[in-house]
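The values are calculated or read from the model by the stated rules, or taken from the named source; none is laboratory data. On a predicted model such as this, the values are computed, not experimentally measured, just so you know. Quick reminder, even Gly has a Cβ in these numbers, built from the backbone with ideal geometry, and neighbours come from all protein chains shown. Keep in mind that these areas ignore ligands, DNA and RNA; they rest on the heavy atoms of the full protein, side chains included. Shrake-Rupley method; radii C 1.70, N 1.55, O 1.52, S 1.80 Å.
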Amino acid sequence: MYLDVLVQALTAGSIYALVGVSVNVIYRPTNTFNLAQGNLVMLGAILCATILGQLKLPWYLAAGITVVVISGIAWLTHLVAVAPILSRPGGGGHGWLVSTLAVGILIEDAVGKIVGPDPQRLPPPPPLSTELGALGVSSYQVALVAGVVAIVAALEIFYRSRTGRAILAIAEDRDASLLWGIDPTRLARMSFVLSGVVAALAGILAGPVFYASVGLGGSLLIKGFEAAAAGGIGSNRGVILAGFFIALLDAITARALAPGYQDAVSFVAVLLLLLVRPQGLMGRTNLRTV
Amino acid sequence: MNDDHSGISRRRLLRHAAAGSLLLPMPFIARRGLADEVFRVGWIRPTTGRLASSFAPLYAGGLIAIDEINAAGGILGRKVVIQEEDDEASPAKQPAVIKRLKDAGVSYVVGPTGSPQVLSSLAFTTPAQMIQCGIANAADQGDAVKYPYNYMCVWSTEQEGEAAAAYMASQLKIRKIGLLQESTAFGEQAGNATRRKFKELTGQDPASVQVYPATATDLAPYVKNLQAAGCEGVIVWMANTVHIGMAFNAMAQQKWLPPVIGHVNLFNDSLFDLVPLDALKNVYGVYYRNWTYTDKEQVPQRNQELARKLAAVDQAKGINAFIAGCPHYDFLYLLKAAVEQAKSTEVAAVKKALDGVRGYKAVLGTINFSETSHAGIGMEDVTLASVASAKDPRSFGALRERAPGA
Amino acid sequence: MLLEVDGLVSGYGKVAILDRVALTVAPGELVAIVGGNGAGKSTLLRTISGLLPVMAGTIRWEGRDVTRASPRTMLAFGLLHIAEGRRLFRQQSVQSNLDLAFYGAGLSREEERRRIDDAFARFPILHEKRGEPAGALSGGQQQILTVAQAWLRRPRLLMLDEPSLGLAPVIVDQVLDLVLRLRSEGCAIILVEQLVERAMEIADTAYVMQNGRIMGSGPAREMIGSELLQHAYLA
């Protein structure tokens, strides 16, 4: 009885978590949010669906091309819309809010014009299928959850490398990291590319469940931000937990309460959580005691 | 911010340049000189913004009407020219858009699209006495007392809701129906009309009513609730193709395929890419009778011609039936008829002629207006058509096979 | 000369703090910079390391003009600046902080391994606490960690800003002892220190700063108790 609620929550939660993680990846070294992130996810889904549908390339090749293109756009976003603002004296304030939002609108408008409003089907990677199996779970759903956990695990390993720790060092003390020869601009650029990879994967993985459509970006961006905030900015494991938590709450609300309240309930839950734990589920408080 | 402003005005400038009117202030052109030669129609259509790609193609029928009218000598011998204004599909942009049209001396307006947009626009066109026809199906927009200058040439959402209920109750003889509707004004209006009509016809309430949020990411739980409630037929009021795809796939997954009736957007071709054809065999959309055929009855010649022209429009690909249900084609021909009957382009005279329209044969049906009602379409023109018939060779473009017994 | 600073003007935004500062450091030399609060000592270090842009004047490294070099370039030349206030990465482990000292140094794995083992041998407390976050260390331990980082990097010139700040006298002794050990390995040092006499005792040369200017300089021992020094702190 409750199994399907759980399955639904795990499926949607994995995607939310992945979007949240891609938000996190950028926040760490730059203290900025890329408001175009949702539309990068959307573009990932649509591009992959279009390559598969029009060019009939093998699934994994199409996914690979998509990842390269999306991370390229993320790189360009940093180059054009973020780096020039952050390099202004005083860090440029919050100009990146407007500039990344503009990139997002640009992407959405362009996709709307070129591809149109119709959703497309994005098949799951072979040999997986979205057909429900014996337990009411499809092979794709199982692989999706495992894949998301694997992606986050890979990121965690990266953040243990010297480069990864240098990125965390920038987040903690920008001046000190400069004095150790760490180049924040270069690592920010790397982080944008990395978050583009995660966003593209999020889109490609969301496609078989949510379809590839222009509308995908906005809703996933909100859920992704919720997951990032609730999980604790900086903690990818926390974001996964929060993603599942939000999706589970959505599913239970839809079942038990009036479905119209789904968004409000998860939003209020995240707010309450942040009131009690401002650092999020697994975020660390700053140990800045001198 | 300054850059933004200059960007917009540059765009506007380009558009005026494209209209060949770069060097003269608009009011001057409209009142003098050219005004004697052309018939100017305001064309409120989003060309930018997130909804532009969904809304802009819906004006294709109107553009065809203008080409036809101009080829046949125009209105009162004047060439019909559109003055396009981009509203970005935003209700907030309507006041500025209407002001620009008013300043340009335009009295006849096509657009905008969407109920909130039309309502916002009506608040300004009504006091300005501009005759208007937008794409909106809320019933009160046909209320001529409230909106004396708005003419509704399409069915209302209530009529759509009733048609679906009537077919379930009277033709399919189903007593346990389920309702699956989105949590929007459209979902609520259509759902309420369905419930009212179904109660009237059968004395029954739906066995289950499922309302999902517009941001839902999975519809399987709602579909399961419908199945669990023992529903034998389902009426769906969903505006978003993604959700429609999710709902039908959930039914297919559960191997539960009851008859389903829903909105005209079920005819969009993209559904066939999202859902296996087997899951669409028993699915019907509410549609205009004139666009449907049966084994014995053909689609009227005029509709067939328009269907052929629409099928040739690139932007209309995949949504021919949806565009065919838009009012602009009929409205422009009605306007031509009214102006020519009044032998004047003065608003008061044209309004009088429009209010007197009775039994006008339009492509969407027989249109009747009066001084108190501008809801032009009657229930006899609303029917149901088979979604799967899109695969029938007789269904070129906008045409569909009428549902059995409808 | 290892480092030659001449006519240096810099500050924050458009406000100049340093007023035509001149200073030289020879290889292996220990230079102390003393002066009251707000004299411009930290600003001078931040300008030399490239954190602050130069408004006028020149900075030379072994005769090469490095006036506009970034902190990264300066570090590549061998100049390491340990800023005031024990600027460790507090959320990261002691081990990670030590490892980040190798960032961009281009050393082989074996060399890094060797230096880390050496550092752990010299600073057993760091070996003991290697898994703990740096922020959990005591003030003295944190200062030892920063000096150990410098040790690992083997700079040719180390600029230390107020290493004794907030430390117990016993710990200050330990830290200054480490500084001397670094110098004995051939590393030149610029020491900004509020414990003037302690700094003067170990330094070769001292510069007295006041209001962004160098008021005087000379062999450190000779300046202990001088009028110049007293004046600088009274002002």
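Restricting attention to region A:211-235, which residues are of a type in the set (A, V, I, L, M), more than 12 Å from chain B (Cβ to nearest Cβ) and surrounded by 24 or more Cβ atoms within 10 Å (Cβ to Cβ)?
Within region A:211-235, the subset of a type in the set (A, V, I, L, M) is A:212, A:214, A:216, A:220-222, A:227-230, A:233.
Keeping just the survivors that are more than 12 Å from chain B (Cβ to nearest Cβ) gives A:227-230, A:233.
Of everything in region A:211-235, those that are of a type in the set (A, V, I, L, M), more than 12 Å from chain B (Cβ to nearest Cβ) and surrounded by 24 or more Cβ atoms within 10 Å (Cβ to Cβ) turn out to be A:Ala227, A:Ala228, A:Ala230.
Quick one: in region C:98-111, which of the residues that are in a helix (DSSP H, G or I) and more than 9 Å from chain A (Cβ to nearest Cβ) is least open to solvent (accessible area, probe 1.4 Å)?
Residues of region C:98-111 in a helix (DSSP H, G or I): C:98-100, C:109-111.
Those left that are additionally more than 9 Å from chain A (Cβ to nearest Cβ): C:98, C:109-111.
On the way: C:Leu98: 2, C:Arg109: 195, C:Glu110: 132, C:Glu111: 45 Å².
The residue in question is C:Leu98.
Looking at region A:109-122, which of its residues are touching a residue at least 12 places away in the same chain (Cβ under 8 Å), open to solvent by 20 Å² or more (accessible area, probe 1.4 Å) and in a helix (DSSP H, G or I)? Selection gives A:Val115 alone.
The helices (runs of 4 or more DSSP H) located wholly in region A:32-91 that include 2 or more residues which are buried (at least 24 other Cβ atoms within 10 Å of the Cβ) and of a type outside the set (S, T, N, Q) occupy A:37-50, A:59-77.
Scanning region C:136-160 for residues that are surrounded by fewer than 19 Cβ atoms within 10 Å (Cβ to Cβ) and in contact with a Ser or Thr (Cβ under 9 Å, 6 or more places away or on another chain) yields no hits at all.
From the list C:Gly166, C:Gly186, C:Gly131, the lone residue that is in contact with a Gly (Cβ under 8 Å, 6 or more places away or on another chain), open to solvent by 30 Å² or more (accessible area, probe 1.4 Å) and within 14 Å of chain A (Cβ to nearest Cβ) is C:Gly166. All conditions in (1) more than 11 Å from chain A (Cβ to nearest Cβ); (2) crowded, with 19+ Cβ neighbours inside 10 Å hold for B:Gln204, with the sole exception of (2). A single entry from C:Arg60, C:Arg68, C:Arg87 fulfils the requirement of being open to solvent by 50 Å² or more (accessible area, probe 1.4 Å) and modelled with pLDDT of 95 or more: C:Arg60. When the strands (runs of 3 or more DSSP E) confined to region C:119-235 are screened for residues that are touching an Asp or Glu at 6+ places or on another chain (Cβ under 6 Å) and modelled with pLDDT of 90 or more, those reaching at least 1 such residues are found at C:157-161, C:188-192, C:213-219.
Just the residues that are more than 8 Å from chain A (Cβ to nearest Cβ) and of a type outside the set (A, V, I, L, M, F, W, C), please, taken from region B:235-248.
To start, the set of residues in region B:235-248 that are more than 8 Å from chain A (Cβ to nearest Cβ) comprises B:235-239, B:243-244, B:247-248.
Matches in region B:235-248: B:His243 only.
Residue by residue through region B:342-369, note down the ones that are modelled with pLDDT under 95 and of a type in the set (S, T, N, Q). Selection gives B:Ser344, B:Thr345. The single condition among (1) assigned to a helix (DSSP H, G or I); (2) on the phi > 0 side of the Ramachandran plot that B:Ala279 does not meet is (2).
Looking at region B:305-325, which of the residues that are open to solvent by 10 Å² or more (accessible area, probe 1.4 Å) and within 12 Å of B:Pro57 (Cβ to Cβ) is nearest to the other protein chains (Cβ to nearest Cβ)? Spell out the reasoning first.
First, the residues of region B:305-325 that are open to solvent by 10 Å² or more (accessible area, probe 1.4 Å): B:305, B:308-309, B:311-315, B:317-320, B:322, B:325.
Filter again for within 12 Å of B:Pro57 (Cβ to Cβ), leaving B:313-315, B:317-320, B:322.
On the way: B:Val313: 13, B:Asp314: 10, B:Gln315: 8, B:Lys317: 8, B:Gly318: 6, B:Ile319: 8, B:Asn320: 13, B:Phe322: 11 Å.
My answer is B:Gly318.
Within region B:89-119, being under 15 Å from B:Met130 (Cβ atoms), open to solvent by 20 Å² or more (accessible area, probe 1.4 Å) and touching an Asp or Glu at 6+ places or on another chain (Cβ under 7 Å) holds for one residue alone: B:Arg100.
Kindly check whether there is at least one residue in region B:234-257 that is over 26 Å from A:Ala206 (Cα atoms) and open to solvent by 30 Å² or more (accessible area, probe 1.4 Å). Walk me through how you get there before you give the answer.
Our first condition is that a residue be over 26 Å from A:Ala206 (Cα atoms); within region B:234-257, this holds for B:234-235.
Among the residues that remain, those that are also open to solvent by 30 Å² or more (accessible area, probe 1.4 Å) are: none.
So far as region B:234-257 goes, no, none of its residues is over 26 Å from A:Ala206 (Cα atoms) and open to solvent by 30 Å² or more (accessible area, probe 1.4 Å).
Does B:Gly262 satisfy the criteria of being in contact (Cβ under 8 Å) with a residue 60 or more places away in the chain, open to solvent by less than 40 Å² (accessible area, probe 1.4 Å) and under 27 Å from B:Met168 (Cα atoms)? Spelling it out, B:Gly262 is indeed in contact (Cβ under 8 Å) with a residue 60 or more places away in the chain, open to solvent by less than 40 Å² (accessible area, probe 1.4 Å) and under 27 Å from B:Met168 (Cα atoms). For residues in region A:92-101 being open to solvent by less than 50 Å² (accessible area, probe 1.4 Å) and in contact (Cβ under 8 Å) with a residue 60 or more places away in the chain, which is farthest from B:Thr47 (Cα to Cα)? So, considering only residues that are open to solvent by less than 50 Å² (accessible area, probe 1.4 Å) and in contact (Cβ under 8 Å) with a residue 60 or more places away in the chain, the one farthest from B:Thr47 (Cα to Cα) is A:Trp96. When each of B:Val286, B:Val242, B:Val299 is tested for being at negative phi and in a strand (DSSP E or B), the lone residue that passes is B:Val286.
Just to confirm my filter: which helices (runs of 4 or more DSSP H) fall fully inside region A:127-209 and include at least 3 residues that are open to solvent by 50 Å² or more (accessible area, probe 1.4 Å), touching a Cys at 6+ places or on another chain (Cβ under 7 Å) and away from chain C (no Cβ under 14 Å)?
Working: elements: A:139-158, A:162-172, A:174-179.
The helices (runs of 4 or more DSSP H) meeting that bar number zero.
Given the criteria within 14 Å of another protein chain (Cβ to nearest Cβ) and either under 14 Å from A:Gly217 (Cβ atoms) or of a type in the set (Asp, Glu) (or both), does A:Gly95 qualify? The answer is no for A:Gly95.
Residues checked against (1) at pLDDT 95 or above; (2) assigned to a strand (DSSP E or B); (3) open to solvent by 30 Å² or more (accessible area, probe 1.4 Å); (4) farther than 21 Å from B:Val350 by Cβ:
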| position | (1), (2), (3), (4) |
| --- | --- |
| B:Trp43 | yes, yes, no, no |
| B:Pro46 | no, no, no, yes |
| B:Gly62 | yes, no, no, no |
| B:Glu68 | yes, no, yes, no |
| B:Gly73 | no, no, yes, no |
| B:Asp87 | no, no, no, yes |
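Of all residues in region B:370-406, those satisfying the criterion of being part of a helix (DSSP H, G or I), open to solvent by 30 Å² or more (accessible area, probe 1.4 Å) and either of a type in the set (Gly, Ala, Ser) or at pLDDT 95 or above (or both) are B:Met379, B:Glu380.
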